[in-house]
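Working notes, structure below.
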Amino acid sequence: MRIGDKPKYDFYTIFIFLGLITIGWLAIYSSVNVETYSSIWDMNVEYGKQFIWIALALLLIVIILAIEPKFYERFAGVIYVVSMLSLLGLFVFGKEISGARSWYSFGSVGLQPSEFAKFATALAVAKYLSQLNVTLKNKKHLLIVGGIILLPPLLIIPQPDPGSALVYSAFFFTLYREGLSLWFLTLGLLAVGLFVGALAIGPIVVSISVLVVVVVMYLLSRKRKHKKRLAPPRKWLYIITAFLAIGYTFSTQFVFENVLSDRHRNRIDIILGRVEDNKGIGYNLNQSLITIGHGGWTGTGLLKGSQTQGGYVPEQHTDFVFTAIAEELGFVGASAVVLLFMALIYRLVIMAERQRNQFARVYGYGVAGIFTIHFFVNIGMVLGLLPTVGIPLPFVSYGGSGLWGFTVLLFVFVKLDAHRMSYDH
């Protein structure tokens, strides 16, 4: 930073952050069902722990903002390697909680390294793409950046924690901004569509549909090229495309049965309507919908929601904390939270676009993508539109690792943005 230059912090983003952690703490306070509310410093209850973690997160922000912005670029590779080693270490030293070996245990405190791996990956992607002569049009460079992005989910899925692994799809948007062909995103969406379709209506129906689409595309292409007197389309390309799509479609059942855990399979079955179980695995989702509906337009009031205070939504303070907000603050309060997240994501995109430095821009888009995936998937889960995959709502859901991970992710970008006028590559 040059002498005389002052950092220009984006206070819109900071105010949104403060608003979200405040709403989150109140929702956690309300959703923790204890007969006698104790001190907010009480580490024996969740809202007491969260208050301590928020206080430490604010201290963490001070440390982040005190570090020179060049540090994050210079040590991006080291941070990434350390993060990957921490994920590997879980297979030996990790503690199993709720069927997943995703935590290191330090007495009564747990640390989930996957929450920090997102930050490390965003840094590593930004570092690599900002190097001289690196371009996504080069196949070698594309494979390397793809490897950087795919390594964390490959280490996270076996824990098993497919929800955390899903977040890395956010980097598709980052790469698209940096020149990745839209075909890659299209192929990704088609893969998801074929997977869901095969489970919902069966691989045979989907395969027939694929054949029809490929044949129609071939005939249309042949007709169009005939009119323009061009060489006819290559049949083998369409044959290979159909073969791969059908093969992938029939492989979905194997993946579903052998890769996903029982709890994730059951939740997907419920979302797809293949199983109805409102008293078993579907209980949480059913109670979530009842709780949201009970809030009405204006809500029941803080600490007055019968569903929330009665503890009808299991572990409501974590991934389903949005239901407590919807019941006690109603449609108005829930909409305010949604608007805050939309404003945060919009602000992050604006900040990313105004960066003069490619490292900061790429990192900013990584941050925006990660928050977008977390927001849409979490809200989709509690509304029953997506399977329950264990993705928290940033700054709102209970958890120290999640809160600190999101805080580091966001405020490193706030720091880079504050020095954008003087931070040169």
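The values are calculated or read from the model by the stated rules, or taken from the named source; none is laboratory data. Please read all numbers here as calculations on a predicted model, not as lab measurements. A quick note on method: Cβ atoms are made from the backbone with ideal geometry, for glycine too, and the neighbour counts reach across all protein chains shown. Just so you know, the surface numbers come from the protein's heavy atoms only, side chains and all, with ligands and any DNA or RNA stripped out. Shrake-Rupley method; radii C 1.70, N 1.55, O 1.52, S 1.80 Å.
At 7 Å along Cα-to-Cβ for each site, give me the label-to-label distance between Ser209 and Phe376 in nm.
2.0 nm
Can you compute the FRET efficiency between Ser251 and Ile52 using 1/(1 + (r/R0)^6), with r the Cβ-Cβ distance and R0 = 56 Å? Round to the nearest 0.05. List each step's numbers first, then the result.
On the way: r = 47 Å, r/R0 = 0.83.
The value I calculate is 0.75.
Please give the length that would be gained between Lys139 and Phe243 if that part of the chain were fully extended, namely 0.36 nm times their separation in residues minus their C-alpha to C-alpha distance (nm, one decimal).
On the way: separation 104, 0.36 × 104 = 37.44 nm, distance 2.44 nm.
Fully extending the segment from Lys139 to Phe243 adds 35.0 nm.
Would you mind getting me the FRET efficiency between Leu88 and Leu187? Use the beta-carbon distance for r and R0 = 41 Å, nearest 0.05. It would help to have the intermediate numbers written out before the result.
Details: r = 29 Å, r/R0 = 0.72.
With R0 = 41 Å, the Cβ-Cβ based efficiency is 0.90.
Candidates [x] -0.39; [y] -0.33; [z] -0.49; which is the computed log10 I(q)/I(0) by the Debye sum over Cα atoms at q = 0.07 Å⁻¹?
The calculated read-out lines up with [x].
For n ≥ 4 DSSP H runs only, could you compute -39500 (n - 2.57) per run for the chain, divide by its residues and tell me the 222 nm figure to the nearest 500?
On the way: 17 runs with 283 residues, N = 425.
Computed ellipticity for the chain at 222 nm equals -22000 deg cm²/dmol.
How many nm is it between the label spots at Leu339 and Leu60, if each spot is 7 Å from the Cα in line with the beta carbon?
2.9 nm
When all protein chains stay in place, what accessible area (Å², nearest 10, 1.4 Å probe) is found for Tyr176?
Taking all protein chains as shown, Tyr176 has close to 120 Å².
Share of the chain's accessible area from carbon and sulfur, percent, 1.4 Å?
The nonpolar share, carbon plus sulfur, comes to 68 percent.
Calculate the FRET efficiency for Glu353 and Asn44 from the Cβ-Cβ distance with a Förster distance of 56 Å, rounded to the nearest 0.05.
The calculated FRET efficiency here is 0.75.
Once both labels are modelled 7 Å past Cα along the beta-carbon direction, what's the Arg74-Leu220 spacing in nm?
For the pair Arg74/Leu220, the computed spacing is 5.5 nm.
Gain in length, Lys95 to Val109, computed as 0.36 nm per residue apart minus the alpha-carbon separation, to one decimal in nm? Could the numbers behind the result be given before it?
Details: separation 14, 0.36 × 14 = 5.04 nm, distance 1.14 nm.
Roughly 3.9 nm would be gained on extension.
Restricting to DSSP loop positions (anything but H, G, I, E, B) with no more than 12 other Cβ atoms inside 10 Å of their own Cβ, which trypsin sites (Lys or Arg not before Pro) remain in segment 68-141? Intermediate values should be presented prior to the final figure.
On the way: sites: Lys70, Arg74, Lys95, Arg101, Lys118, Lys127, Lys137, Lys139, Lys140; in loops: Lys137.
Here the trypsin sites (Lys or Arg not before Pro) that fit, given the DSSP loop and packing criteria, are Lys137.
Can you pull the Kirkwood radius for segment 86-210, inverse mean 1/r over Cα pairs, to one decimal in Å? The partial results should precede the final answer.
Working: mean 1/r = 0.0599 Å⁻¹.
For segment 86-210, inverting the mean 1/r across all distinct Cα pairs yields 16.7 Å.
Quote the relative contact order of the chain in percent (integer), defining contacts as alpha-carbon pairs under 8 Å separated by 6+ residues. Mind showing how you got there, number by number?
On the way: 561 pairs, mean separation 114.5, N = 425.
Value for the chain: 27 percent.
What are the ³J(HN,Hα) values, in whole Hz, obtained from phi via the Karplus relation 6.51 cos²θ - 1.76 cosθ + 1.60 with θ = phi - 60°, for each residue of segment 339-355 in sequence order, with x given for Gly and Pro?
After applying 6.51 cos²θ - 1.76 cosθ + 1.60, I find 5, 5, 5, 5, 5, 5, 5, 4, 5, 5, 5, 4, 5, 5, 5, 8, 6 Hz.
When the distances between all Cα atoms of segment 306-425 are binned every 5 Å from zero, what whole-number percent does each bin get?
2, 11, 18, 20, 17, 12, 9, 6, 3, 1, 0, 0
Over 20 Å between Cα atoms, which of Lys49/Lys415; Lys70/Lys140; Lys127/Lys415; Lys140/Lys415; Lys118/Lys139; Lys118/Lys415 qualify?
Values: Lys49/Lys415 27 Å; Lys70/Lys140 27 Å; Lys127/Lys415 16 Å; Lys140/Lys415 32 Å; Lys118/Lys139 24 Å; Lys118/Lys415 18 Å.
From Lys49/Lys415; Lys70/Lys140; Lys127/Lys415; Lys140/Lys415; Lys118/Lys139; Lys118/Lys415, over 20 Å: Lys49/Lys415; Lys70/Lys140; Lys140/Lys415; Lys118/Lys139.
Ranked by accessible surface with a 1.4 Å probe, highest first, in what order do Val81, Val214 come?
The most accessible residue leads, giving Val81, Val214.
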